[in-house]
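The values are calculated or read from the model by the stated rules, or taken from the named source; none is laboratory data. Keep in mind it's a predicted model, so treat the numbers as computed, not measured. Backbone-built Cβ (ideal geometry, glycine too); neighbour counts: all protein chains shown. Each accessible area value is taken on the protein alone, full model and side chains, heavy atoms only, with ligands, DNA and RNA left out. Shrake-Rupley method; radii C 1.70, N 1.55, O 1.52, S 1.80 Å.
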Amino acid sequence: MRAIHFFAAICVFAFGVAVRTFFPVPMTIIVLALVISLAIGIIWRRNQDTISAPFVLLLSVLICSFSVGLLRVEVASWQFGVSELGAEINTEIAFTGTVSKEPKKSTNTTQLYISNQNDTILVSTDRYSPIEYGDVVQVSGTLTEPDSFETDLGRTFDYPGYLKAKGVEYTVSFADVVVVERNQGNMFLRVLLNLKHVFMAKLEQVIPEPQVGLGEGLLLGVKQALGEDVEENFRRTGIIHIVVLSGYNVMLVVTFFIFCFSFFLSARKRVIAGVIAIVCFALLVGLSATVVRASIMASLLLLAQGYSRQYDVMRALFFAGAVMIFLNPYLLIYDIGFQLSFMATLGLLLITPHFESTIITETKKLRLSDFFFATLATQIAVLPLLLYHIGEVSIVAIIVNVLVLPVVPVAMLLTFITGLLAFVSLPLASLVGFLANLALIYILLIAQWFAQIPFAAVAIPEFTVWGMLVLYIGMAGILLYLKYGQMKRPYSDWEIVEEKEEPVSSSKEKLTGSKGDTLPAIFR
C-alpha cells in the first residue's frame, strides 16, 4: 500500500471514531457512505489508466475509512445503556461475578473489575481484602453511575468516559465483598500473576522500602507500590513515566529477552520466542495503552528482522494505533495514556531528526545529549495534551530525565537479577540487591531534590481543547516548513571540488562541505 493511502486511511479512520464518539450518526448514513465508497472504488477499478485514477482511489479510501470509524464506535456503543442494572441506580444491590483483572490497591481501597454474564462493574472495597484475579465474589452495595469531577488543578476529568474505555458503565463504592470460589478465570494469566506476586515478595525480602517499590514499578509497572510522596515527586519532576511502564521500559525488557534468546535459539526461533515473551510481559503488567502500543511495535520489529523485511517505524506506530483504536475505539478520546504514548513516540520520530546535526557522532553508544534531545522532543510533543488534560508542566523534566534515564536500565537489570537470586539464596541476592538499592536510591534522591525546587512544576490556568488543537496545528506547520526547507536546499552549503586520487590504503576518507562538516546522517 502506498504511504499516502496508508497514513490517510488511518488518520481519517481515527477522525471518524472521534466524530462518532461525540455526535450520534444514523446507521443509514454510515451504510450509505460505505456503499458510496464501494461505488467509487469500482469506478477506479474500471478506469485505472486515466489521469484522475489516483485521486479517485484516494477518495474511495478516505470515505471508506471514515465510514469504518463511524461504524466501529456505533457497534461499540451497543454494549452500553442496555443493562438491566440501569433500573437499579442508587439502590442497594447484591450480585455475583468474577474478578476479571488484577486488583488495584490504593492508600485506602482496593479496586476490583467484576464481570458477570452481561456487565463489568468497578467495585471498591477494603484495602486489605484478600481478593485475587479469578476469584468468584458476591458483592453487596449501592449501585451508582460514575460522574465527572474536578481535579486539584482545576481540570474536569471525564470519569464516565475513562471507565467506558475500560468497558465499565456502573460502579459500587464501599462494597462488602465475599469470596465464593477461588482460582477461576484464565489459568495462564492466573499463573503469570501468581509468579509476579511471588517475585515481588522475594524482592521485598532483600530490598527495603521505598526502593523496592520503585524497583517493582520499573520492572512491573506497580505504581501503587511507590507511596504518595514518592509518586508526587515523580510527577513534579516529569519522570512518572518510568514507573507506569513507558515504551522505554518495554524496549529495555524486549532487548533483554532477545539478548538471552540469542545464545541458544536461531534467528527465526528467536523471533517467535521474542513475540511470545512480549505478549506474556504485556499480560503480566496489565495491558495499559502504553504497553500495548510498545508491544505491537516491538513485535513488528522482531517479525521484520526475522523475515528480512524492511521496518518502517512510522508505519509501525500508526498501525499499532489503528489496531488499538479498532479493538477499543473509546481509547482515542478517553484514554489519556494512549494519547500521551502515541504523541510522545510521534514526537521522537518527527522532532528529534531536526536535532540531528547536533547529536550525530561516530559512536553508536548513547550519550547524555541523546537523552536530552529525546526528552526535549517528547516534552514538546505532549505539551499541548498536558496543558489541556493535566494543567501542570514540569520545568525540570528535561534535566531530571537526562540524569535518571541512563540509570534506569541498570536499576531494572539489578532488580531483576536480585529477584531471581532470591529464589536460590537470600545472602547471594543481598549482594546484588545492595547494588540495585544504590541505583534505586539515586533515582529517588534526584526526584526528591528537584521536586523541592519551588518552580519544579508550574500550574497552568484553564486550557481549552481549541487551544490544544491550535498548538498542534502550529507544530505541524513548523515541521512542514522545516521539511520543505530541507528538501528545497539540501546542498546549499556544499561546494564542488576537484577529485584527487588517494592511496588505496586510505579507507577512512570523508565527504565534507564548505565548512568541513561531516556527511549528514541521512547519507551515512
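Taking the numbered list (1) open to solvent by less than 80 Å² (accessible area, probe 1.4 Å); (2) within 23 Å of THR171 (Cα to Cα) in turn, ASN90 passes all entries but (1).
The set of residues in the stretch 13-28 being part of a helix (DSSP H, G or I), surrounded by fewer than 19 Cβ atoms within 10 Å (Cβ to Cβ) and either without any contact (Cβ under 8 Å) to a residue 24 or more places away in the chain or touching a Gly at 6+ places or on another chain (Cβ under 9 Å) (or both) consists of PHE15, ALA18, VAL19, THR28. The condition (being open to solvent by 30 Å² or more (accessible area, probe 1.4 Å) and out of contact with any strand residue (DSSP E or B) (no Cβ under 7 Å at 6 or more places or on another chain)) is satisfied by just one residue among ASN183, ASN116: ASN183. Could we say that VAL407 is touching a helix residue (DSSP H, G or I) at 6+ places or on another chain (Cβ under 6 Å) and farther than 28 Å from ASP335 by Cα here? So VAL407 passes the test. Among the residues of the stretch 146-158, which ones are within 24 Å of the chain's Cα centre (by Cα) and outside any loop (DSSP other than H, G, I, E, B)? Passing the criteria: THR156, PHE157.
In summary, helices (runs of 4 or more DSSP H) completely within the stretch 393-471 and bearing 3 or more residues that are among the small types (Gly, Ala, Ser) and at negative phi occur at 408-422, 426-451.
Of the residues making up the stretch 41-78, just one is over 30 Å from TYR334 (Cα atoms) and acidic (Asp, Glu), namely ASP49. For the condition among the aliphatic types (A, V, I, L, M) and either within 17 Å of VAL250 (Cβ to Cβ) or surrounded by fewer than 19 Cβ atoms within 10 Å (Cβ to Cβ) (or both), ILE276 qualifies. The residue of the stretch 48-84 that is nearest to THR120 (Cα to Cα), among those that are open to solvent by 70 Å² or more (accessible area, probe 1.4 Å) and not in a helix (DSSP H, G or I), is GLN79. For the stretch 130-145, a tally of residues being open to solvent by 20 Å² or more (accessible area, probe 1.4 Å) and under 29 Å from the mean Cα position of the chain (by Cα) returns 3. Of the residues making up the stretch 186-196, those that are of a type outside the set (S, T, N, Q) and open to solvent by 50 Å² or more (accessible area, probe 1.4 Å) are MET187, PHE188, VAL191, LEU195.
Taking (1) at pLDDT 90 or above; (2) farther than 23 Å from LEU332 by Cβ; (3) open to solvent by less than 70 Å² (accessible area, probe 1.4 Å) in turn, LEU38 satisfies each apart from (3).
For the stretch 291-335, residues that are β-branched (Val, Ile, Thr) and over 24 Å from PHE371 (Cα atoms) total 3. Scanning the stretch 135-153 for residues that are closer than 23 Å to ALA457 by Cβ and either touching a Gly at 6+ places or on another chain (Cβ under 6 Å) or of a type in the set (A, V, I, L, M) (or both) yields a single hit, LEU153. Of the residues making up the stretch 101-111, those that are crowded, with 17+ Cβ neighbours inside 10 Å and touching a Gly at 6+ places or on another chain (Cβ under 9 Å) are LYS101, GLU102. With respect to the conditions (1) over 30 Å from PRO24 (Cβ atoms); (2) of a type in the set (Ser, Thr, Tyr); (3) touching a residue at least 40 places away in the same chain (Cβ under 8 Å), THR110 falls short on a single one, namely (3).
Within the bounds of the stretch 159-178, is there any residue that is under 30 Å from ILE417 (Cα atoms), small (Gly, Ala, Ser), open to solvent by less than 40 Å² (accessible area, probe 1.4 Å) and not in a loop (DSSP other than H, G, I, E, B)? No: zero hits. Picking from residues in the stretch 287-309 that are of a type outside the set (A, V, I, L, M, F, W, C) and buried (at least 17 other Cβ atoms within 10 Å of the Cβ), the one that is farthest from ALA267 (Cα to Cα) is SER288.
Out of the stretch 304-325, which residues are part of a helix (DSSP H, G or I) and more than 17 Å from LEU349 (Cβ to Cβ)? If you could, list the steps in order and put the result at the bottom.
The first filter runs over the stretch 304-325 and keeps only residues part of a helix (DSSP H, G or I), leaving 304-306, 313-325.
Selection gives GLN305, GLY306, VAL323, MET324, ILE325.
Scanning the stretch 85-129 for residues that are under 22 Å from LEU226 (Cβ atoms), assigned to a loop (DSSP other than H, G, I, E, B) and out of contact with any Leu (no Cβ under 7 Å at 6 or more places or on another chain) yields LYS101, SER106, THR107, ASN108, ARG127, TYR128, SER129.
Figure legend. Inter-residue proximity from the stretch 444-464: first residues farther than 19 Å from GLY391 by Cα and in contact (Cβ under 8 Å) with a residue 60 or more places away in the chain, second residues of a type in the set (Gly, Ala, Ser) and crowded, with 16+ Cβ neighbours inside 10 Å, beta-carbon distance below 6 Å, spacing 6+ or different chains. Indicated pairs: PHE450/ALA456.
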